[in-house]
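> Let me begin by handing over the structure; questions about it come next.
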Amino acid sequence: MKILSVKKVQKIFGSGETAVTAVDDVSFEVKAREILLIMGPSGSGKTTLLSMIGGLLTPTVGSITINGTDITKVSRKQLAKIRLHEIGFVFQSFNLLQNLSGMENVQYVGELAGQASAVAKQKARELLIKLHLENRMHALPAQLSGGQQQRVSIARALMNDPRMILADEPTGNLDSRSGHEVMMLFHNIAKEENRSVIIVSHDQRIKDISDRTLWIEDGRVHTAPPEPQTLVRDPVCGMRLDPRYTPFAKMKNGREYKFCSKDCLEKFIPEK
Amino acid sequence: MPIELQSIIKTYRMGSENFNALDGITATIKDGEFIAIMGPSGSGKSTLANIIGGLDTPSSGKIFVNKEDISRAWDRALSHYRNKKVGFVFQTFNLQPHYTALENVMLPLIFSKVRLRARKKKAVACLEAVGLGDRMKHKPGELSGGQRQRVSIARSLANNPEIIIADEPTGNLDSKRSTEIIALLKKLREEKNITLIIITHDMNIAHQADRVIYIQDGKIKKAR
Ligand SMILES: Nc1ncnc2c1ncn2[C@@H]1O[C@H](COP(=O)(O)OP(=O)(O)OP(=O)(O)O)[C@@H](O)[C@H]1O
Ligand SMILES: Nc1ncnc2c1ncn2[C@@H]1O[C@H](COP(=O)(O)OP(=O)(O)OP(=O)(O)O)[C@@H](O)[C@H]1O
Ligand SMILES: [Mg+2]
Ligand SMILES: [Mg+2]
């Protein structure tokens, strides 16, 4: 089933000499259960594109249809409703409310969507625990590390069980282990709960869980460039690694295995 | 400049409990060394970077920079250190939203005796070095995430620092840009003998460092 359809979308910022065409004539579709990865150089238009899909920016030209509704044509009030119920957005720079604790930042979107306070609280708790924030969920954003804020922002995006999750660099501030866990979380949500996930990232490892990659350059869709080098797989966590730069290795039964961390190396039990 | 950390502890109060974000860090960083700091999210890396950069003070312990104890330094000496000796790249950029990229990079030079025209020239050169020659008049809100990150890197270079402390400087960059930025920092280090401290989750970067310090739960777990 088609969830999202982006048709001939263009976005121009500013006007005259300083005008920037950030997104230019982009079209694609996303189905339920699909994970789409969007990659491309810095400044190529990825965040701009994602913001338009999320209803945070209006395209200069083109249409964006979510579940049959063209969100470029609806009223502000309708758009706000779609954003709240159908879309979960993980911001590249977190965008947490500074005067609310991590817990409250997640809880309030549930309450906005009409959940009873106790229900929202319980749900927020569960999500934060899933993201390993059980000890830090009552801290303010300024008292959290970068990766902790990023995880609060991911929990918030999942709060209303949105049909579509839009995540902008969701692992940019996470170590390899937490990054991997977040990827698996998105993967399960898409495959087990029939939802669509669009991830903007430069992290090659996300290719492991995505169904398809869209490469954007200068605001336009291009065919993806070839992978820079052959990657090998960590036999414990399944992560793809660049063998040239991986210090954790072990010889076993005449074969060399590479690991993402010492932790995985120690956990490794080779098959007979 | 050599840096020596002696039993650094940083305690935060959370409700009625105290917890140590840094729990006894002792380490020596040699003049001109390139150190990578790695560790899980929340392990204390940024807290440590802030303390080394003079942006925060430890609850106990000492830091000697060039044999001078900056944890005991009075405000004037500390701000001299922060503004003249250190170039700091923030994990979350910390740019001034109302100023253009160029103005943001020029800001740290206000306290130097450099004339306006020279300040501008220097800031332009730093922005060009990070590939932002065509975005100098944009404000942070008009820049992409990676572009903002590069403004923050350009700003850290503007005052010709002797120590560069970069907290996740490539977290928002594609691999090509990331490689360029690290090459730029390494070149500066070779030319000017800058001490380079980079916090990163990226193995490719850690691999290029002279030494890697792994932090877990506020302690040094191991060092390579
Ligand atoms: N409000 C704005 N006004 C003017 N130009 C803008 C504005 N917002 C973004 N741009 C420009 O549009 C282009 C695309 O920006 P966008 O944030 O979509 O890039 P991106 O692909 O997400 O990059 P990154 O990987 O660095 O986050 C950039 O060149 C940026 O400078
Ligand atoms: N102002 C503060 N008040 C209370 N706790 C804080 C404060 N600042 C940081 N912390 C806590 O101290 C711990 C260390 O934080 P720090 O920012 O140093 O982690 P980090 O290693 O940089 O993590 P990341 O990789 O996620 O950026 C975290 O658990 C964080 O929640
Ligand atoms: Mg972006
Ligand atoms: Mg940090």
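> Please go through region B:119-131 and pick out each residue that is within 14 Å of chain A (Cβ to nearest Cβ) and under 14 Å from B:A158 (Cα atoms).
B:L127, B:V130, listed by residue number.
> Follow-up question, since we're still on this one. Restricting attention to region A:40-52, which residues are under 12 Å from A:I199 (Cβ atoms) and modelled with pLDDT under 95?
None; the set is empty.
> Moving on to the next point. Taking region A:69-89 as the region of interest, how many residues are outside any loop (DSSP other than H, G, I, E, B), open to solvent by 60 Å² or more (accessible area, probe 1.4 Å) and without any contact (Cβ under 8 Å) to a residue 12 or more places away in the chain?
The total comes to 4.
> More than 14 Å from chain A (Cβ to nearest Cβ), away from ligand 3 (no atom under 16 Å from the Cβ), open to solvent by less than 20 Å² (accessible area, probe 1.4 Å) and in contact (Cβ under 8 Å) with a residue 40 or more places away in the chain: does that describe B:I51?
Criteria met by B:I51.
> Next question, about the same structure. In this structure, is B:K113 part of a helix (DSSP H, G or I), basic (K, R), surrounded by fewer than 17 Cβ atoms within 10 Å (Cβ to Cβ) and more than 14 Å from chain A (Cβ to nearest Cβ)?
Taking the combined requirement at face value, the residue does not satisfy it.
> Ok, one more. In the list A:I206, A:I198, which residue meets the criterion of being assigned to a helix (DSSP H, G or I), surrounded by 21 or more Cβ atoms within 10 Å (Cβ to Cβ) and either within 16 Å of ligand 3 (Cβ to nearest atom) or within 14 Å of another protein chain (Cβ to nearest Cβ) (or both)?
When all the criteria are applied, what remains is A:I206.
> Of all residues in region A:48-68, how many are part of a helix (DSSP H, G or I) and among the polar types (S, T, N, Q)?
Of the residues in region A:48-68, 2 are part of a helix (DSSP H, G or I) and among the polar types (S, T, N, Q).
> Which of the following residues is surrounded by fewer than 19 Cβ atoms within 10 Å (Cβ to Cβ) and closer than 30 Å to B:G171 by Cα: A:Q92, A:Q98?
Exactly one residue qualifies, and that residue is A:Q98.
> So for region B:70-82 (the condition being under 19 Å from the mean Cα position of the chain (by Cα) and assigned to a loop (DSSP other than H, G, I, E, B)), does at least one residue qualify?
Scanning region B:70-82 turns up at least one residue that is under 19 Å from the mean Cα position of the chain (by Cα) and assigned to a loop (DSSP other than H, G, I, E, B).
> Identify, from the list A:G179, A:G172, A:G147, the residue that is within 15 Å of ligand 4 (Cβ to nearest atom), within 12 Å of the chain's Cα centre (by Cα), assigned to a helix (DSSP H, G or I) and within 11 Å of another protein chain (Cβ to nearest Cβ).
Only one candidate qualifies: A:G179.
> So, one more: Could you check region B:175-202 and list, in sequence order, the residues that are in a helix (DSSP H, G or I) and of a type outside the set (K, R)?
Within region B:175-202, B:S175, B:S178, B:T179, B:E180, B:I181, B:I182, B:A183, B:L184, B:L185, B:L188, B:E190, B:E191 qualify.
> Continuing with the same structure: Let me spell it out: the conditions are (1) in a loop (DSSP other than H, G, I, E, B); (2) open to solvent by 50 Å² or more (accessible area, probe 1.4 Å), and B:N172 meets all of them except one. Which number is the exception?
Only one criterion is unmet by B:N172, namely (2).
The values are calculated or read from the model by the stated rules, or taken from the named source; none is laboratory data. In this text, all values refer to a predicted model and were calculated from it rather than measured experimentally. Neighbour counts are summed over all protein chains in view; Cβ atoms, including those assigned to glycine, are modelled from backbone coordinates with ideal geometry. Side chains included, ligands, DNA and RNA excluded: accessible areas come from the protein's heavy atoms. Shrake-Rupley method; radii C 1.70, N 1.55, O 1.52, S 1.80 Å.
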